[in-house]
Amino acid sequence: MKKAAITNPPKWPLSVLKIFIKKDYLEEIQGDMQEVFEDDLEVFTLKKARRKYVWETVKLLRPVLTKKLEGTQKLNNYGMIKNNLRIAFRSLIKQKEYSAINIFGLTVSMAVSMIIILFLIDQDQMDEHNPDADRIYRVLTEYDDEVKERVVASATSPFELRQLLEFNVDQVEETSQLVKGAGNVKFGEDVFSYGGLYVSPNFLKFFDFELEKGDKKNALQNVNSVVLSAELAKKLFRNQEPIGQLVEIDQHGSFSVTGIIDKTLVRSHLDFDLLIHEEMFSSVSSNEILLTNWEASSKNFYNYIKLKEGYSKKPLLSFLKTMDSKFPEEKQALYDFNVQLLSDINLGRLVGNEIGITSPNFVLYFFIVLAAVLMLSSSFNYMNLSIARGLKRAKEVGVRKVIGAGKRQIIVQFLVEAQLVMFCSLVAAFLLLQILVPIFNDLKILRDIDGAITMNFNSNLSVYFVFLSFSVAVGLVAGLYPAIYLSSFKSLKVLKGTTNAGKSPSFLFRKILVFCQYAFSVVFIITSIILYQQANLYANVDYGFTNKNMINVPISKKIPYESFRNELLKRSEIEGVSAVSSLLIVSSFEEVLLVNKNVSEDEVKSATLSIDPYTVENLDLKLLAGRNFLTTAVSDQKNSFIINEKALAALGYTDADQALNQSIDVIKVHDTGRKIAEGKIIGVVRDFNYQFVFLESGPLVMNYDPAILSSMNIKTGEISSAYAAEIIEEVWKEFDDVHPFEYETYAYSIADIDDEFGELVHIIGLVAFIAIIIACLGQFSMVVHHVQLKVKEIGIRKVLGSNLGSLMFMLSKDFMIVILAAVLVATPLAWKINDLWTSKVYLSPDVSFFNMSLGVGIILLTAFLTIFFLVRRAVNANPVESLKYE
């Protein structure tokens, strides 16, 4: 069941109004604002309606605040602000140790949080160059996948849907339809591969792309016109003028270059090297089925709808709900359509078949959680340190109250000090940011999703404003409680020295903060240990097939595979050549259903892979029974299958020999229906990992279909990959000296995936380390303060004969109890969290007692050392000096 969208206004503006507006007027104002918000929803997007709601709140507050501030001139008095800043600065200098601890923790946390803010701002700018981004929608196809047993969303939708929307939905102003294409483009002797788009003539205007060269209005009007990216144009023409040049594009012939577009000037979810007219897609005969078949076209076309100014998307959605009737009757319940706002495509829901590279929302959530943990820990530290410092300044608070200072003035003073600390941390964090951003951008996981920060944040005033606002907000959150608490001291008690700070509610509150910090640390350190072991497993896993000294080369339609293979094998450096439809580990696999009618009619889920007769030997797969495919047997290409052990068991066989020559049905579930291939099992191979070991490699059925083989696995001797590539390229050019030679080493492709996970481990490990350091600093502040309160008691006990051990126990027991409590609470939580994710992973380490103990041991050791050195220093002090302490 789909969740209804949340269409309520934000709650916090109303909370702000309650502070400043009388209760008698509040209900009426709230009702009026709710009505305005509901009206806005009919015209604007939810995001824009909420922004307007907040702005209306600000406008209401302006006259109220102005009137209030006129009556509180003391707070606005320049002299008082100057005085508060002077006191805050003196306090910061006087307490250097506390200030350094605070600023260090906040600097690191703020720097990490500022990177997240930059990432969000940068990613949020995608497609913002389009002035109509708030009324352009992409149509999504939602499909109930029978094999995967889940509803999946696709960015594509049927070809005919565009016309139906134009003629049947009055609110539609304009549409644009795109189709992805790929091939090679040639100019002179140079040939380069491209990924392009077939587009409607209004593409540049619809998506508001500006041309670096050429006429935007007419660039795509002619069928034989092409617009190139600046990057591809530079490769093709080097220093020549590109406009008017003729280029050759695979399958389509000659095209005149009518425009050059520099994609680096704007951020867009659309990724392309060239643009050609949509009619060129229909000119290819093999594409005819996609233009006539509703289901098949739903996987290939991208439909964008621009609504008329001021119109709601509701009629559009209502019409789309009726479009499932276009599917075959038995499939109608499986399909649905939805829309996605152009500005919500990036950092939005994860959809399949994306047209370009986008950052899904779970990447955003991951970074936000990391930043939140660090900022909370640092804020807790500030609260602890502020209270500890404030208690030493209790007499100052008492004196200021005696001479007439009000509670509000004292709160303002402590908040000014908080903001000064935050500002110092902000400056330091900004300097640290210059180092961290290049490191952040170099993360492979971000390069793969085009998530690197591209904006020049050093010269962007809006970014400075956001950082400053963030700093002020953190300062208010971290400084408000200490300010309120310290301002509540009774002047008579503090001047007599009877605040009972060690037994005060604030002391309990500070213990709770340290408890939370260590609980965070326990969860993160245990998670980091298990993730490290997980990465270690991936790095040393036996995939069950050979990938060493293996080079992968895409199969070209221009080159006869068998002839190319035979020519390669004449070279002494080449030991084997085979071909597959999908590369093991690094590619996805089509899922099918298997039926063994000899046992039951039950359908078994399985992956499918097409291989040639040389694959088993070349990849060192272990044949347990039966035979390989035969190169001379045409029957093997149609009705013979090799299965793995898991497929053997799933089909109901206990012995490999028992399954030989048994008939099975292989059912492929397509949009056009269920295609059933009947054949016999001719061989059984030992299980091997065909998927990355994060997922289980389950049943697998392999056939021999030369038409869908897409990649060659070329095994070489003990030579460098670069030298091997040169040998293969020489043979390649004997068959095709026009199209470029492309390759990738198998080991590198797999290591590339490992590296992404390794980066994730390092990020979480770094956060765990920072969290532990911040927790130790928070504990440090409490221990220092606690020892200072007991200086006289320590001196007296030493004079009366107490030994070092008893004094250390007395001073540290309260803190160790807090830390042990955090460990006892957080360890089961850490176990549950890690057990949850490792249970979803096929190859994962055990969440064992050793792993848990190791994490807990690291936490306890760091905590004990922090307490030990501070307490030992206090205990070893001269008791005579201690008894002089005031």
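The values are calculated or read from the model by the stated rules, or taken from the named source; none is laboratory data. Everything numeric in this text was worked out from a predicted model, so none of it was measured. Counting neighbours? That spans all protein chains shown, and the Cβs are built from the backbone with ideal geometry, glycine included. Just so you know, the surface numbers come from the protein's heavy atoms only, side chains and all, with ligands and any DNA or RNA stripped out. Shrake-Rupley method; radii C 1.70, N 1.55, O 1.52, S 1.80 Å.
Inspect all residues belonging to the range 255-262 and state whether any of them is closer than 17 Å to residue 188 by Cα and either of a type in the set (A, V, I, L, M, F, W, C) or out of contact with any Gly (no Cβ under 7 Å at 6 or more places or on another chain) (or both).
Of all residues in the range 255-262, those closer than 17 Å to residue 188 by Cα come to 255-257.
Subsequent filtering for residues that are either of a type in the set (A, V, I, L, M, F, W, C) or out of contact with any Gly (no Cβ under 7 Å at 6 or more places or on another chain) (or both) retains 255, 257.
Checking the range 255-262: at least one residue is closer than 17 Å to residue 188 by Cα and either of a type in the set (A, V, I, L, M, F, W, C) or out of contact with any Gly (no Cβ under 7 Å at 6 or more places or on another chain) (or both).
Could you tell me which residue of the range 402-422 is most open to solvent (accessible area, probe 1.4 Å), considering only residues that are farther than 12 Å from residue 479 by Cβ and either assigned to a helix (DSSP H, G or I) or at pLDDT 85 or above (or both)? So that I can check it myself, show each step before the final result.
Narrowing the range 402-422 to residues farther than 12 Å from residue 479 by Cβ: 402-410.
Then drop every residue that is not either assigned to a helix (DSSP H, G or I) or at pLDDT 85 or above (or both), which leaves 402, 407-410.
On the way: 402: 94, 407: 102, 408: 146, 409: 42, 410: 3 Å².
Restricting to residues being farther than 12 Å from residue 479 by Cβ and either assigned to a helix (DSSP H, G or I) or at pLDDT 85 or above (or both), the top hit is 408.
Being within 30 Å of residue 326 (Cα to Cα) and open to solvent by 40 Å² or more (accessible area, probe 1.4 Å) is true for just one of 646, 680, 675. Which residue is that? Steps first, please.
Numbers: 646 fails: within 30 Å of residue 326 (Cα to Cα); 680 fails: within 30 Å of residue 326 (Cα to Cα).
Exactly one of 646, 680, 675 is within 30 Å of residue 326 (Cα to Cα) and open to solvent by 40 Å² or more (accessible area, probe 1.4 Å), namely 675.
For the range 571-583, how many residues meet the condition of being in contact with a strand residue (DSSP E or B) (Cβ under 8 Å, 6 or more places away or on another chain) and either free of Cβ contacts under 8 Å to residues at least 24 places away in the same chain or of a type outside the set (S, T, N, Q) (or both)?
Keep residues of the range 571-583 that are in contact with a strand residue (DSSP E or B) (Cβ under 8 Å, 6 or more places away or on another chain), which gives 573-583.
From the residues that got through so far, the ones that are either free of Cβ contacts under 8 Å to residues at least 24 places away in the same chain or of a type outside the set (S, T, N, Q) (or both) too are 573-577, 579-580, 583.
The total comes to 8.
If I filter the range 786-808 down to residues being under 19 Å from residue 863 (Cβ atoms) and surrounded by 12 or more Cβ atoms within 10 Å (Cβ to Cβ), which single residue comes out as modelled with the lowest pLDDT? Lay out the reasoning, then the answer.
Taking the range 786-808 first, the residues under 19 Å from residue 863 (Cβ atoms) are 786-787, 805, 807-808.
If we keep only those that are surrounded by 12 or more Cβ atoms within 10 Å (Cβ to Cβ) too, we end up with 786-787, 807-808.
Details: 786: 65, 787: 68, 807: 73, 808: 75.
Step by step, filter the range 786-808, then rank; the result is 786.
Looking at (1) under 30 Å from residue 387 (Cα atoms); (2) of a type in the set (Gly, Ala, Ser); (3) modelled with pLDDT under 80, find the lone condition where residue 111 falls short.
Every listed condition holds for residue 111 apart from (3).
Kindly evaluate residue 321 against the criterion of being open to solvent by 30 Å² or more (accessible area, probe 1.4 Å) and in contact with a strand residue (DSSP E or B) (Cβ under 6 Å, 6 or more places away or on another chain).
Here the answer is no, as residue 321 does not meet what is asked.
Of 708, 664, 676, which residue is touching an Asp or Glu at 6+ places or on another chain (Cβ under 9 Å) and in contact (Cβ under 8 Å) with a residue 60 or more places away in the chain?
Working: 708 fails: touching an Asp or Glu at 6+ places or on another chain (Cβ under 9 Å); 676 fails: in contact (Cβ under 8 Å) with a residue 60 or more places away in the chain.
That would be 664, the only listed residue that is touching an Asp or Glu at 6+ places or on another chain (Cβ under 9 Å) and in contact (Cβ under 8 Å) with a residue 60 or more places away in the chain.
Can you confirm whether the range 615-634 contains a residue that is of a type in the set (D, E, K, R), touching a residue at least 12 places away in the same chain (Cβ under 8 Å), assigned to a strand (DSSP E or B) and touching a Lys or Arg at 6+ places or on another chain (Cβ under 8 Å)?
From the range 615-634, those of a type in the set (D, E, K, R) are 617, 620, 622, 627; that's our starting set.
Then drop every residue that is not touching a residue at least 12 places away in the same chain (Cβ under 8 Å), which leaves 617, 620, 622, 627.
Next, only the ones that are assigned to a strand (DSSP E or B) stay: none.
Looking for residues that are of a type in the set (D, E, K, R), touching a residue at least 12 places away in the same chain (Cβ under 8 Å), assigned to a strand (DSSP E or B) and touching a Lys or Arg at 6+ places or on another chain (Cβ under 8 Å), one finds none in the range 615-634, hence no.
Could you please find all residues in the range 264-318 being hydroxyl-bearing (Ser, Thr, Tyr) and more than 22 Å from residue 229 (Cβ to Cβ)?
Quick first cut of the range 264-318, residues hydroxyl-bearing (Ser, Thr, Tyr) only: 264, 268, 282-283, 285-286, 292, 297-298, 302, 304, 311-312, 318.
Of everything in the range 264-318, those that are hydroxyl-bearing (Ser, Thr, Tyr) and more than 22 Å from residue 229 (Cβ to Cβ) turn out to be 282, 283, 285, 286, 292, 297, 298, 311, 312, 318.
Considering 260, 243, which residue is at pLDDT 90 or above, part of a loop (DSSP other than H, G, I, E, B) and of a type outside the set (Asp, Glu)? Full working, then the answer.
Numbers: 260 fails: part of a loop (DSSP other than H, G, I, E, B).
Residue meeting the stated conditions: 243.
How many residues are among the aliphatic types (A, V, I, L, M) and part of a strand (DSSP E or B) if we restrict to the range 707-724?
2
Looking only at the range 561-607, count every residue that is assigned to a loop (DSSP other than H, G, I, E, B), more than 28 Å from residue 676 (Cα to Cα) and open to solvent by 80 Å² or more (accessible area, probe 1.4 Å) and tell me the total. Working first, answer last.
Residues of the range 561-607 that are assigned to a loop (DSSP other than H, G, I, E, B), as a first pass: 570-573, 581-584, 586-589, 596-603.
Next, only the ones that are more than 28 Å from residue 676 (Cα to Cα) stay: 570-573.
Okay, now just the ones that are also open to solvent by 80 Å² or more (accessible area, probe 1.4 Å), so 570, 572.
The number of residues fulfilling the criteria is 2.
When you go through (1) more than 22 Å from residue 626 (Cβ to Cβ); (2) among the polar types (S, T, N, Q); (3) surrounded by fewer than 17 Cβ atoms within 10 Å (Cβ to Cβ) one by one for residue 661, which number turns out not to apply?
Residue 661 satisfies every listed condition except (1).
Going by the conditions given, is residue 187 surrounded by fewer than 16 Cβ atoms within 10 Å (Cβ to Cβ) and modelled with pLDDT under 90? Reasoning before the result, please.
Numbers: surrounded by fewer than 16 Cβ atoms within 10 Å (Cβ to Cβ): no; modelled with pLDDT under 90: yes.
Against the criterion (surrounded by fewer than 16 Cβ atoms within 10 Å (Cβ to Cβ) and modelled with pLDDT under 90), residue 187 does not qualify.
Just to be sure, is residue 7 more than 30 Å from residue 379 (Cβ to Cβ), open to solvent by less than 80 Å² (accessible area, probe 1.4 Å), in contact with a helix residue (DSSP H, G or I) (Cβ under 9 Å, 6 or more places away or on another chain) and at pLDDT below 70? Outline the logic, then answer.
Working: more than 30 Å from residue 379 (Cβ to Cβ): yes; open to solvent by less than 80 Å² (accessible area, probe 1.4 Å): yes; in contact with a helix residue (DSSP H, G or I) (Cβ under 9 Å, 6 or more places away or on another chain): yes; at pLDDT below 70: yes.
Yes, satisfied.
Can you find, within the range 548-558, the residue that is farthest from residue 622 (Cα to Cα) among those that are at pLDDT 85 or above and surrounded by 15 or more Cβ atoms within 10 Å (Cβ to Cβ)? Explain how you work it out, then say what you get.
First pass over the range 548-558, keeping only residues at pLDDT 85 or above: 548-555.
Next, only the ones that are surrounded by 15 or more Cβ atoms within 10 Å (Cβ to Cβ) stay: 549-553, 555.
Values: 549: 19, 550: 18, 551: 21, 552: 21, 553: 24, 555: 25 Å.
Filtering the range 548-558 for residues that are at pLDDT 85 or above and surrounded by 15 or more Cβ atoms within 10 Å (Cβ to Cβ), the one farthest from residue 622 (Cα to Cα) comes out as 555.
Kindly provide the set of residues from the range 810-863 that are free of Cβ contacts under 8 Å to residues at least 60 places away in the same chain, in contact with a helix residue (DSSP H, G or I) (Cβ under 8 Å, 6 or more places away or on another chain) and among the small types (Gly, Ala, Ser), ordered by number.
812
Looking at the range 84-103, is at least one residue among the hydrophobic types (A, V, I, L, M, F, W, C) and modelled with pLDDT of 80 or more? Full working, then the answer.
In the first step, residues of the range 84-103 are kept if they are among the hydrophobic types (A, V, I, L, M, F, W, C); the result is 85, 87-89, 92-93, 100-101, 103.
Within this subset, residues satisfying the condition of being modelled with pLDDT of 80 or more are 103.
Yes - at least one qualifying residue is present in the range 84-103.
Quick one: how many residues across the range 825-858 are touching a Phe, Trp or Tyr at 6+ places or on another chain (Cβ under 8 Å), at pLDDT below 80 and part of a helix (DSSP H, G or I)?
Selection size over the range 825-858: 0.
What's the number of the condition residue 248 fails, among (1) farther than 16 Å from residue 183 by Cα; (2) in contact (Cβ under 8 Å) with a residue 60 or more places away in the chain; (3) in contact with a Ser or Thr (Cβ under 7 Å, 6 or more places away or on another chain); (4) open to solvent by 10 Å² or more (accessible area, probe 1.4 Å)?
Looking at each condition in turn, residue 248 falls short on (1).
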